[in-house]
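Read-outs throughout are calculated quantities, based only on the coordinates presented, and are distinct from any laboratory measurement. These figures come from a predicted structure and were not determined experimentally. Positions of Cβ are backbone-derived with ideal geometry, glycine not excepted, and every protein chain shown enters the neighbour counts.
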Amino acid sequence: MEGRAWTDARLDDRFDQIDRRFDQVDRRFDRLEAEMKEGFASIRSELRNGMGGLRAEFNGLRNMMFRSYVALAVALIAAIVVRGV
């Protein structure tokens, strides 16, 4: 049974090829990491902008509800006063 001998030169060549492949994988991971950081930064920015608008809408809703409650309280007091007269 005859096979190819793994000489030192052949092993060195093979390990060099493996190292080059790992270098390519490392570069792809670096690119992916940069893209993900950029994407998450964009999402955070959009969320911050959206939350500002949402806060404004909630403030408007809170003000409208407060005015409605005051109007209801005034109407109830007026009904009690008119009925008591």
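Here A34, A71 are screened, and the one residue that is in a helix (DSSP H, G or I), within 25 Å of the chain's Cα centre (by Cα) and among the hydrophobic types (A, V, I, L, M, F, W, C) is A34.
Surrounded by 10 or more Cβ atoms within 10 Å (Cβ to Cβ) and on the phi < 0 side of the Ramachandran plot, is that true of A9?
Numbers: surrounded by 10 or more Cβ atoms within 10 Å (Cβ to Cβ): no; on the phi < 0 side of the Ramachandran plot: yes.
Against the criterion (surrounded by 10 or more Cβ atoms within 10 Å (Cβ to Cβ) and on the phi < 0 side of the Ramachandran plot), A9 does not qualify.
Evaluating R4 against the criteria (1) among the charged types (D, E, K, R); (2) surrounded by 10 or more Cβ atoms within 10 Å (Cβ to Cβ); (3) not in a helix (DSSP H, G or I) leaves one unmet condition, (2).
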